[in-house]
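Below: one structure, written as C-alpha coordinates.
The values are calculated or read from the model by the stated rules, or taken from the named source; none is laboratory data. Nothing here was measured: the structure is a model prediction, and the numbers come from that model. As a convention, Cβ positions derive from the backbone with ideal geometry for all residues, glycine included, and neighbour counts pool all protein chains shown. Each accessible area value is taken on the protein alone, full model and side chains, heavy atoms only, with ligands, DNA and RNA left out. Shrake-Rupley method; radii C 1.70, N 1.55, O 1.52, S 1.80 Å.
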Amino acid sequence: ALTQQQQKLDSLQTADKQHFIHPFTDSKGLAEKGTRVIERAEGVYLWDVMGHKLLDGMAGLWCVNVGYGRQSIVDAVAKQMQQLPFYNSFFQCSHPPAIELAQKIASLAPKHMNNVFFTGSGSESNDTNLRMVRRYWDLKGKPSKKTIISRDNAYHGSTVAGASLGGMSGMHEQGDLPIPGVVHIAQPYWYGEGNGLSPEAFGLQAAQALETKILEVGEDNVAAFIAEPFQGAGGVIIPPSTYWPEIKRILAKYDILFILDEVISGFGRTGKWFAAEYFDLQPDLITIAKGMTSGYVPMGGVIVSDKVADVIKQDCGEFTHGFTYSGHPVAAAAALENIRIIEQEQLIERVESDTAPYLQSRLQELAEHPLVGEVRGLGMVAAIELVKDKELKQAFDSAVGVGTFCRDACIKHGLVMRSVGDTMIISPPLTMTHNEIDELVAKATLALNDTY
Ligand code: PLP
(Lines give C-alpha, C1' and ligand atoms only; values in the text may rest on other atoms or scores of the structure.)
Protein backbone atom coordinates (compact mmCIF):
# COMPACT_ATOMS: atom_id res chain seq x y z
CA ALA A 1 0.00 0.00 0.00
CA LEU A 2 2.84 2.30 0.89
CA THR A 3 4.47 1.99 -2.49
CA GLN A 4 1.14 2.69 -4.13
CA GLN A 5 0.80 5.87 -2.05
CA GLN A 6 4.38 6.78 -2.85
CA GLN A 7 3.71 6.27 -6.56
CA LYS A 8 0.64 8.46 -6.36
CA LEU A 9 2.58 11.19 -4.59
CA ASP A 10 5.44 10.97 -7.08
CA SER A 11 3.15 11.30 -10.07
CA LEU A 12 1.20 14.18 -8.49
CA GLN A 13 4.42 15.98 -7.61
CA THR A 14 5.74 15.51 -11.13
CA ALA A 15 2.54 16.86 -12.69
CA ASP A 16 2.54 19.71 -10.18
CA LYS A 17 6.08 20.65 -11.12
CA GLN A 18 5.25 20.54 -14.83
CA HIS A 19 1.89 22.30 -14.92
CA PHE A 20 0.96 24.14 -11.76
CA ILE A 21 1.96 27.73 -10.99
CA HIS A 22 1.27 28.13 -7.27
CA PRO A 23 0.22 31.40 -5.62
CA PHE A 24 2.76 32.94 -3.22
CA THR A 25 5.27 30.14 -3.77
CA ASP A 26 8.96 30.12 -4.50
CA SER A 27 9.02 27.67 -7.41
CA LYS A 28 12.63 26.62 -6.94
CA GLY A 29 12.02 25.66 -3.32
CA LEU A 30 8.87 23.87 -4.36
CA ALA A 31 10.68 21.90 -7.04
CA GLU A 32 13.34 20.83 -4.54
CA LYS A 33 10.96 19.74 -1.78
CA GLY A 34 7.99 18.67 -3.89
CA THR A 35 4.52 19.99 -3.19
CA ARG A 36 2.74 18.81 -0.05
CA VAL A 37 -0.47 17.20 -1.26
CA ILE A 38 -3.39 17.32 1.17
CA GLU A 39 -6.07 14.85 0.24
CA ARG A 40 -8.83 14.94 2.83
CA ALA A 41 -9.88 16.48 6.12
CA GLU A 42 -12.22 15.95 9.04
CA GLY A 43 -12.84 18.17 12.06
CA VAL A 44 -9.52 19.92 12.76
CA TYR A 45 -7.35 17.31 11.03
CA LEU A 46 -5.88 17.00 7.54
CA TRP A 47 -4.43 13.94 5.82
CA ASP A 48 -1.83 14.11 3.08
CA VAL A 49 -1.55 11.65 0.20
CA MET A 50 0.90 9.54 2.18
CA GLY A 51 -1.68 9.19 4.94
CA HIS A 52 0.12 11.47 7.43
CA LYS A 53 -2.30 13.12 9.82
CA LEU A 54 -1.83 16.82 10.56
CA LEU A 55 -3.52 19.02 13.14
CA ASP A 56 -4.56 22.12 11.20
CA GLY A 57 -3.49 25.11 13.26
CA MET A 58 -4.37 27.46 10.39
CA ALA A 59 -7.97 26.47 9.51
CA GLY A 60 -6.84 26.11 5.91
CA LEU A 61 -5.89 29.72 5.31
CA TRP A 62 -7.63 31.38 8.28
CA CYS A 63 -10.99 30.32 6.92
CA VAL A 64 -12.41 26.94 7.97
CA ASN A 65 -14.11 28.35 11.08
CA VAL A 66 -16.59 25.48 11.55
CA GLY A 67 -14.02 22.77 10.83
CA TYR A 68 -13.90 20.22 8.04
CA GLY A 69 -16.38 17.54 7.02
CA ARG A 70 -19.66 19.35 7.71
CA GLN A 71 -22.26 17.16 6.03
CA SER A 72 -24.97 19.80 6.40
CA ILE A 73 -22.98 22.26 4.28
CA VAL A 74 -22.42 19.54 1.69
CA ASP A 75 -26.18 18.86 1.66
CA ALA A 76 -27.13 22.54 1.44
CA VAL A 77 -24.72 23.07 -1.44
CA ALA A 78 -25.90 19.93 -3.30
CA LYS A 79 -29.52 20.93 -2.92
CA GLN A 80 -28.85 24.44 -4.18
CA MET A 81 -26.84 23.14 -7.15
CA GLN A 82 -29.75 20.94 -8.07
CA GLN A 83 -32.32 23.69 -7.75
CA LEU A 84 -30.44 26.66 -9.18
CA PRO A 85 -26.68 26.25 -9.65
CA PHE A 86 -26.27 29.72 -11.01
CA TYR A 87 -28.08 32.87 -11.71
CA ASN A 88 -26.73 36.38 -11.59
CA SER A 89 -27.66 39.27 -9.39
CA PHE A 90 -27.01 41.88 -12.08
CA PHE A 91 -29.61 43.98 -13.88
CA GLN A 92 -32.32 43.94 -11.21
CA CYS A 93 -32.21 40.15 -10.76
CA SER A 94 -31.55 38.03 -7.71
CA HIS A 95 -32.42 34.70 -6.12
CA PRO A 96 -33.48 33.52 -2.66
CA PRO A 97 -30.08 32.46 -1.22
CA ALA A 98 -28.40 35.80 -1.93
CA ILE A 99 -31.33 37.80 -0.58
CA GLU A 100 -31.59 35.68 2.54
CA LEU A 101 -27.84 35.88 3.10
CA ALA A 102 -27.81 39.66 2.79
CA GLN A 103 -30.63 39.86 5.33
CA LYS A 104 -28.88 37.41 7.67
CA ILE A 105 -25.54 39.21 7.56
CA ALA A 106 -27.27 42.54 8.16
CA SER A 107 -28.79 41.05 11.30
CA LEU A 108 -25.35 39.99 12.59
CA ALA A 109 -23.41 43.12 11.60
CA PRO A 110 -23.15 46.30 13.68
CA LYS A 111 -26.57 48.00 13.92
CA HIS A 112 -25.76 50.84 11.54
CA MET A 113 -24.83 48.39 8.75
CA ASN A 114 -27.76 46.85 6.89
CA ASN A 115 -26.61 46.19 3.33
CA VAL A 116 -24.22 43.74 1.68
CA PHE A 117 -22.46 43.81 -1.69
CA PHE A 118 -21.36 40.29 -2.65
CA THR A 119 -18.12 39.28 -4.33
CA GLY A 120 -16.11 36.12 -4.88
CA SER A 121 -13.19 36.86 -2.54
CA GLY A 122 -11.55 39.23 -0.09
CA SER A 123 -9.51 40.83 -2.85
CA GLU A 124 -12.58 41.52 -4.97
CA SER A 125 -14.22 42.96 -1.88
CA ASN A 126 -11.43 45.46 -1.36
CA ASP A 127 -11.55 46.37 -5.06
CA THR A 128 -15.23 46.98 -4.45
CA ASN A 129 -14.39 49.18 -1.46
CA LEU A 130 -12.04 51.31 -3.52
CA ARG A 131 -14.66 51.84 -6.19
CA MET A 132 -17.52 52.29 -3.74
CA VAL A 133 -15.86 54.96 -1.61
CA ARG A 134 -14.93 56.95 -4.71
CA ARG A 135 -18.46 56.57 -6.06
CA TYR A 136 -19.79 57.72 -2.68
CA TRP A 137 -17.73 60.91 -2.70
CA ASP A 138 -18.60 61.63 -6.35
CA LEU A 139 -22.28 61.35 -5.47
CA LYS A 140 -21.73 63.58 -2.44
CA GLY A 141 -20.33 66.24 -4.76
CA LYS A 142 -16.78 65.84 -3.49
CA PRO A 143 -15.01 64.19 -6.44
CA SER A 144 -11.55 65.25 -5.23
CA LYS A 145 -11.83 62.80 -2.33
CA LYS A 146 -10.04 59.87 -4.00
CA THR A 147 -7.01 58.92 -1.90
CA ILE A 148 -7.14 55.92 0.38
CA ILE A 149 -4.82 55.74 3.35
CA SER A 150 -3.62 52.29 4.36
CA ARG A 151 -0.75 50.94 6.44
CA ASP A 152 2.64 49.37 5.83
CA ASN A 153 2.62 45.58 6.08
CA ALA A 154 -1.17 45.44 5.75
CA TYR A 155 -2.71 42.66 3.67
CA HIS A 156 -5.81 43.47 1.65
CA GLY A 157 -5.54 40.93 -1.16
CA SER A 158 -3.71 40.28 -4.37
CA THR A 159 -5.61 42.01 -7.17
CA VAL A 160 -4.13 45.29 -8.39
CA ALA A 161 -6.28 47.31 -6.01
CA GLY A 162 -5.95 44.76 -3.18
CA ALA A 163 -2.17 44.62 -3.43
CA SER A 164 -2.01 48.41 -3.69
CA LEU A 165 -4.14 48.87 -0.60
CA GLY A 166 -1.97 46.29 1.13
CA GLY A 167 1.39 47.43 2.39
CA MET A 168 3.54 44.45 1.44
CA SER A 169 6.74 45.76 -0.13
CA GLY A 170 7.42 42.43 -1.83
CA MET A 171 4.08 42.72 -3.62
CA HIS A 172 4.54 46.38 -4.51
CA GLU A 173 7.89 45.62 -6.11
CA GLN A 174 6.28 43.22 -8.57
CA GLY A 175 4.08 45.31 -10.83
CA ASP A 176 4.70 48.97 -10.06
CA LEU A 177 2.32 49.17 -7.14
CA PRO A 178 0.67 50.83 -5.36
CA ILE A 179 -1.54 52.43 -7.99
CA PRO A 180 -1.89 56.23 -7.71
CA GLY A 181 -4.24 57.35 -4.97
CA VAL A 182 -3.17 54.85 -2.33
CA VAL A 183 -0.76 55.95 0.40
CA HIS A 184 0.55 54.19 3.50
CA ILE A 185 1.38 55.03 7.09
CA ALA A 186 3.46 53.06 9.62
CA GLN A 187 1.98 49.94 11.20
CA PRO A 188 1.29 49.65 14.96
CA TYR A 189 3.88 46.89 15.46
CA TRP A 190 5.07 47.55 18.97
CA TYR A 191 7.21 44.45 19.50
CA GLY A 192 9.29 45.03 16.37
CA GLU A 193 9.16 48.79 15.94
CA GLY A 194 8.32 50.19 19.37
CA ASN A 195 11.74 51.81 19.74
CA GLY A 196 11.79 51.68 23.51
CA LEU A 197 8.41 53.39 23.91
CA SER A 198 5.76 51.87 26.16
CA PRO A 199 3.05 50.06 24.18
CA GLU A 200 0.58 52.81 25.14
CA ALA A 201 2.83 55.65 23.96
CA PHE A 202 3.73 53.78 20.81
CA GLY A 203 0.06 53.02 20.05
CA LEU A 204 -0.79 56.72 20.25
CA GLN A 205 2.13 57.65 18.07
CA ALA A 206 1.25 55.05 15.44
CA ALA A 207 -2.36 56.22 15.34
CA GLN A 208 -1.35 59.87 15.06
CA ALA A 209 0.42 59.02 11.81
CA LEU A 210 -3.09 58.89 10.33
CA GLU A 211 -3.80 62.49 11.27
CA THR A 212 -0.43 63.60 9.93
CA LYS A 213 -1.15 61.84 6.63
CA ILE A 214 -4.67 63.31 6.34
CA LEU A 215 -3.22 66.79 6.81
CA GLU A 216 -0.43 66.10 4.34
CA VAL A 217 -2.74 64.79 1.59
CA GLY A 218 -5.48 67.28 2.48
CA GLU A 219 -8.82 66.27 3.97
CA ASP A 220 -10.53 67.25 0.69
CA ASN A 221 -8.49 64.61 -1.13
CA VAL A 222 -8.90 61.70 1.27
CA ALA A 223 -11.68 59.21 0.58
CA ALA A 224 -11.04 56.60 3.24
CA PHE A 225 -8.78 54.87 5.72
CA ILE A 226 -8.53 51.07 5.43
CA ALA A 227 -7.20 48.73 8.10
CA GLU A 228 -7.42 45.22 9.46
CA PRO A 229 -8.51 45.20 13.13
CA PHE A 230 -5.30 43.24 13.75
CA GLN A 231 -2.93 42.52 10.89
CA GLY A 232 -3.20 38.87 9.91
CA ALA A 233 -0.84 37.97 7.07
CA GLY A 234 1.51 40.69 8.32
CA GLY A 235 2.21 38.52 11.38
CA VAL A 236 -0.81 38.76 13.71
CA ILE A 237 0.05 42.26 14.83
CA ILE A 238 -2.36 43.45 17.50
CA PRO A 239 -2.30 47.21 18.08
CA PRO A 240 -1.60 48.48 21.60
CA SER A 241 -4.74 49.37 23.60
CA THR A 242 -4.37 53.09 22.87
CA TYR A 243 -4.35 52.68 19.08
CA TRP A 244 -7.98 52.20 18.11
CA PRO A 245 -9.40 54.86 20.46
CA GLU A 246 -6.99 57.39 18.99
CA ILE A 247 -7.83 56.33 15.42
CA LYS A 248 -11.51 56.75 16.32
CA ARG A 249 -10.84 60.26 17.59
CA ILE A 250 -9.12 61.14 14.31
CA LEU A 251 -11.82 59.54 12.15
CA ALA A 252 -14.48 61.51 14.00
CA LYS A 253 -12.61 64.76 13.37
CA TYR A 254 -12.21 64.41 9.60
CA ASP A 255 -14.81 63.68 6.98
CA ILE A 256 -13.38 60.42 5.64
CA LEU A 257 -14.75 56.88 5.43
CA PHE A 258 -13.43 53.96 7.44
CA ILE A 259 -13.04 50.52 5.84
CA LEU A 260 -12.44 47.70 8.32
CA ASP A 261 -11.02 44.62 6.62
CA GLU A 262 -12.48 41.68 8.53
CA VAL A 263 -11.62 38.96 6.03
CA ILE A 264 -9.81 37.10 8.83
CA SER A 265 -11.48 38.53 11.92
CA GLY A 266 -15.09 38.24 10.74
CA PHE A 267 -17.46 35.39 11.61
CA GLY A 268 -16.25 34.66 15.08
CA ARG A 269 -12.48 34.60 15.22
CA THR A 270 -12.31 37.23 17.99
CA GLY A 271 -15.18 35.75 19.99
CA LYS A 272 -17.58 38.28 18.46
CA TRP A 273 -19.28 38.07 15.08
CA PHE A 274 -17.10 40.96 13.96
CA ALA A 275 -13.99 42.56 15.39
CA ALA A 276 -15.77 45.91 15.02
CA GLU A 277 -17.62 44.84 18.14
CA TYR A 278 -14.49 43.48 19.83
CA PHE A 279 -12.62 46.78 19.39
CA ASP A 280 -15.71 49.00 19.62
CA LEU A 281 -15.30 50.42 16.10
CA GLN A 282 -17.95 51.95 13.83
CA PRO A 283 -16.73 51.33 10.29
CA ASP A 284 -18.51 52.58 7.18
CA LEU A 285 -17.60 49.43 5.27
CA ILE A 286 -16.55 45.95 6.44
CA THR A 287 -14.68 43.58 4.13
CA ILE A 288 -15.68 39.94 4.54
CA ALA A 289 -14.71 36.58 2.98
CA LYS A 290 -13.06 33.42 4.37
CA GLY A 291 -15.11 32.52 7.50
CA MET A 292 -18.25 33.68 5.69
CA THR A 293 -18.50 30.20 4.12
CA SER A 294 -15.75 28.59 6.23
CA GLY A 295 -14.00 28.23 2.88
CA TYR A 296 -16.34 25.47 1.66
CA VAL A 297 -17.16 27.60 -1.39
CA PRO A 298 -15.40 30.85 -2.36
CA MET A 299 -17.29 33.97 -1.41
CA GLY A 300 -16.67 37.50 -0.21
CA GLY A 301 -18.53 40.71 0.31
CA VAL A 302 -18.67 44.20 1.71
CA ILE A 303 -21.03 45.06 4.53
CA VAL A 304 -22.19 48.59 3.88
CA SER A 305 -23.33 51.12 6.48
CA ASP A 306 -26.62 52.94 6.07
CA LYS A 307 -24.68 56.16 5.55
CA VAL A 308 -22.96 54.79 2.44
CA ALA A 309 -25.80 52.55 1.22
CA ASP A 310 -28.27 55.43 1.30
CA VAL A 311 -26.07 57.31 -1.14
CA ILE A 312 -25.16 54.36 -3.39
CA LYS A 313 -28.78 53.19 -3.57
CA GLN A 314 -30.37 56.59 -4.07
CA ASP A 315 -31.80 57.58 -7.44
CA CYS A 316 -28.43 58.18 -9.07
CA GLY A 317 -28.11 55.66 -11.89
CA GLU A 318 -26.05 52.54 -11.98
CA PHE A 319 -23.08 51.63 -9.79
CA THR A 320 -21.07 50.16 -12.67
CA HIS A 321 -19.44 47.44 -10.65
CA GLY A 322 -19.97 43.74 -9.97
CA PHE A 323 -18.80 40.22 -10.63
CA THR A 324 -20.50 37.34 -12.45
CA TYR A 325 -20.37 35.41 -9.21
CA SER A 326 -21.53 38.23 -6.91
CA GLY A 327 -23.94 36.48 -4.55
CA HIS A 328 -23.46 33.09 -6.25
CA PRO A 329 -26.41 30.93 -5.14
CA VAL A 330 -24.31 27.91 -4.20
CA ALA A 331 -21.86 30.03 -2.21
CA ALA A 332 -24.74 31.83 -0.54
CA ALA A 333 -26.31 28.49 0.42
CA ALA A 334 -22.98 27.41 1.93
CA ALA A 335 -22.70 30.69 3.83
CA LEU A 336 -26.23 30.42 5.21
CA GLU A 337 -25.62 26.89 6.46
CA ASN A 338 -22.21 27.88 7.85
CA ILE A 339 -23.83 30.71 9.82
CA ARG A 340 -26.59 28.38 10.99
CA ILE A 341 -23.95 25.99 12.37
CA ILE A 342 -22.11 28.81 14.14
CA GLU A 343 -25.36 29.89 15.77
CA GLN A 344 -26.67 26.45 16.59
CA GLU A 345 -23.43 25.30 18.19
CA GLN A 346 -22.95 28.67 19.88
CA LEU A 347 -19.43 28.63 18.54
CA ILE A 348 -18.81 32.32 19.07
CA GLU A 349 -19.99 32.30 22.68
CA ARG A 350 -17.84 29.21 23.27
CA VAL A 351 -14.81 30.92 21.72
CA GLU A 352 -15.28 34.00 23.89
CA SER A 353 -15.92 32.30 27.20
CA ASP A 354 -13.91 29.11 26.90
CA THR A 355 -11.89 28.11 23.85
CA ALA A 356 -10.03 31.37 23.27
CA PRO A 357 -9.01 31.94 26.91
CA TYR A 358 -7.79 28.33 27.03
CA LEU A 359 -5.86 28.59 23.74
CA GLN A 360 -4.26 31.90 24.72
CA SER A 361 -3.24 30.77 28.19
CA ARG A 362 -1.74 27.52 26.91
CA LEU A 363 0.16 29.39 24.18
CA GLN A 364 1.56 31.84 26.75
CA GLU A 365 3.49 28.89 28.20
CA LEU A 366 5.56 28.92 25.01
CA ALA A 367 6.75 32.45 25.82
CA GLU A 368 9.20 30.84 28.28
CA HIS A 369 11.00 29.07 25.44
CA PRO A 370 14.48 30.53 24.77
CA LEU A 371 13.65 30.96 21.08
CA VAL A 372 10.44 32.88 21.66
CA GLY A 373 10.50 36.68 21.88
CA GLU A 374 6.78 37.22 22.22
CA VAL A 375 3.54 35.27 22.18
CA ARG A 376 0.58 37.47 21.29
CA GLY A 377 -3.00 36.71 20.40
CA LEU A 378 -6.67 37.32 20.88
CA GLY A 379 -9.67 35.12 20.29
CA MET A 380 -8.65 32.18 18.12
CA VAL A 381 -5.63 33.77 16.51
CA ALA A 382 -2.06 34.03 17.77
CA ALA A 383 1.57 34.55 16.85
CA ILE A 384 4.79 33.20 18.28
CA GLU A 385 7.64 35.48 17.30
CA LEU A 386 11.01 33.74 17.16
CA VAL A 387 14.10 35.78 17.96
CA LYS A 388 17.85 35.37 18.07
CA ASP A 389 18.18 37.20 21.39
CA LYS A 390 15.26 37.27 23.77
CA GLU A 391 16.63 39.97 26.06
CA LEU A 392 17.64 42.33 23.28
CA LYS A 393 14.55 41.46 21.18
CA GLN A 394 16.98 40.88 18.36
CA ALA A 395 15.64 39.27 15.20
CA PHE A 396 17.42 36.58 13.24
CA ASP A 397 19.06 37.46 9.97
CA SER A 398 16.18 36.71 7.59
CA ALA A 399 18.46 34.67 5.33
CA VAL A 400 18.73 32.04 8.06
CA GLY A 401 15.10 30.99 7.50
CA VAL A 402 14.29 30.09 11.10
CA GLY A 403 10.54 30.45 10.54
CA THR A 404 10.62 28.14 7.53
CA PHE A 405 12.63 25.60 9.51
CA CYS A 406 10.14 25.75 12.38
CA ARG A 407 7.19 25.40 9.99
CA ASP A 408 8.76 22.25 8.51
CA ALA A 409 9.49 20.94 12.01
CA CYS A 410 5.81 21.43 12.84
CA ILE A 411 4.85 19.34 9.82
CA LYS A 412 7.27 16.63 10.94
CA HIS A 413 5.44 16.54 14.27
CA GLY A 414 2.01 16.56 12.64
CA LEU A 415 1.02 20.22 13.00
CA VAL A 416 0.32 22.96 10.47
CA MET A 417 1.47 26.43 11.53
CA ARG A 418 2.23 29.17 9.05
CA SER A 419 5.44 31.17 9.15
CA VAL A 420 5.48 34.87 8.34
CA GLY A 421 9.19 35.55 8.33
CA ASP A 422 10.21 34.23 11.76
CA THR A 423 6.77 34.63 13.27
CA MET A 424 4.73 31.44 13.65
CA ILE A 425 1.01 31.91 13.11
CA ILE A 426 -1.91 30.02 14.62
CA SER A 427 -5.52 30.51 13.50
CA PRO A 428 -7.31 27.20 14.01
CA PRO A 429 -10.93 26.22 13.44
CA LEU A 430 -13.17 27.75 16.10
CA THR A 431 -14.34 24.23 16.94
CA MET A 432 -11.04 23.18 18.47
CA THR A 433 -11.42 21.32 21.78
CA HIS A 434 -9.19 21.60 24.85
CA ASN A 435 -7.61 18.25 24.00
CA GLU A 436 -6.83 19.41 20.49
CA ILE A 437 -5.37 22.65 21.86
CA ASP A 438 -3.20 20.58 24.22
CA GLU A 439 -2.04 18.57 21.22
CA LEU A 440 -1.28 21.77 19.30
CA VAL A 441 0.82 23.17 22.14
CA ALA A 442 2.67 19.87 22.65
CA LYS A 443 3.52 19.62 18.95
CA ALA A 444 4.51 23.29 18.74
CA THR A 445 6.85 22.73 21.70
CA LEU A 446 8.54 19.81 19.94
CA ALA A 447 8.95 21.94 16.80
CA LEU A 448 10.43 24.84 18.81
CA ASN A 449 12.87 22.45 20.48
CA ASP A 450 13.94 21.11 17.07
CA THR A 451 14.41 24.66 15.81
CA TYR A 452 16.40 25.89 18.83
N1 PLP B 1 -7.98 40.97 3.39
C2 PLP B 1 -7.42 40.29 4.37
C3 PLP B 1 -7.33 40.90 5.74
C4 PLP B 1 -6.92 39.00 4.15
O5 PLP B 1 -6.32 38.33 5.15
C6 PLP B 1 -7.04 38.45 2.87
C7 PLP B 1 -6.54 37.09 2.58
O8 PLP B 1 -5.79 36.51 3.34
C9 PLP B 1 -7.63 39.20 1.86
C10 PLP B 1 -8.11 40.46 2.15
C11 PLP B 1 -7.76 38.69 0.47
O12 PLP B 1 -8.71 37.70 0.39
P13 PLP B 1 -8.72 36.69 -0.85
O14 PLP B 1 -7.48 35.88 -0.76
O15 PLP B 1 -10.00 35.90 -0.63
O16 PLP B 1 -8.79 37.50 -2.09
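Quick notes
- Surface listing: ILE99, ILE214, ILE238 arranged by accessible area from highest to lowest gives ILE99, ILE238, ILE214, probe 1.4 Å.
- Using the Cβ-Cβ distance between LYS390 and GLU216 with R0 = 35 Å, the FRET efficiency computed as 1/(1 + (r/R0)^6) comes to roughly 0.40.
- Distance histogram for the range 85-163 (every C-alpha pair counted, 5 angstrom bins, percent rounded to whole numbers): 3, 12, 15, 19, 22, 17, 8, 3, 0
- Over the range 395-452, the hull volume per residue, using the convex hull of the C-alpha atoms, is 73 Å³.
- Taking the alpha carbon gyration tensor of the range 324-375, multiplying each eigenvalue by 5 and rooting it gives semi-axes of 36, 17, 6 Å, largest first.
- Which listed pairs, of LYS28/LYS390; LYS248/LYS307; LYS145/LYS253; LYS28/LYS412; LYS213/LYS253; LYS33/LYS390, have C-alpha distances above 23 Å, in listed order: LYS28/LYS390; LYS33/LYS390
- Gap separating the Cα centres of the range 87-164 and the range 273-331, nearest whole Å: 5 Å
- Accessible surface of the chain, 1.4 Å probe, proportion on carbon and sulfur as whole %: 53 percent
- Solvent exposure of the chain, expressed per residue, is 44 Å² of accessible area, with all protein chains present and a 1.4 angstrom probe.
- Only lysines eight or more places from LYS79 in sequence, or on another chain, were considered; those with a Cα closer than 25 Å are LYS104, LYS290.
- Spatial separation of Cα centroids for the range 211-244 and the range 373-418, in angstrom: 26 Å
- Full extension of the segment from ASP16 to SER241, taken as 0.36 nm per residue of separation minus the current Cα-Cα distance, would add 76.4 nm.
- Computed over the range 1-45, the Cα gyration tensor eigenvalues convert (square root of 5λ each) into semi-axes of 20, 16, 8 Å, ordered from largest to smallest.
- Förster-model FRET efficiency, 41 Å R0, LYS28 and PHE86, C-beta, rounded to 0.05: 0.55
- Kirkwood estimate for the range 1-133, i.e. one over the average of 1/r between Cα atoms, Å: 18.9 Å
- Whole-number D in µm² s⁻¹ for the range 191-275, Kirkwood Cα-pair radius fed into Stokes-Einstein, 37 °C, 0.692 mPa s: 236 µm²/s
- Exposure of PHE24 as accessible area (Å², to 10), given a probe of 1.4 Å and all protein chains: 150 Å²
- Rounded if a/c under 1.5, otherwise prolate or oblate - the chain, Cα gyration tensor axes: oblate
- Dividing the alpha-carbon radius of gyration of the range 128-228 by the rule-of-thumb value 2.2 N^0.38 Å gives 1.14.
- Area of ASP26 that stays accessible when all protein chains are in place (1.4 Å probe, Å², to 10): 100 Å²
- FRET efficiency for the ILE411 to GLU365 pair, using the beta carbon distance and R₀ = 25 Å, is estimated at 0.70.
- When GLU193, GLU368 are compared by accessible area at a 1.4 angstrom probe, the order from most to least is GLU368, GLU193.
- Only protein heavy atoms count here; on that basis, with a 1.4 Å probe, GLU439 has an accessible area of about 50 Å².
- For q = 0.10, 0.22 Å⁻¹, Debye-computed log10 I/I(0) when each Cα of the range 249-381 counts as one equal scatterer: -0.46, -1.30
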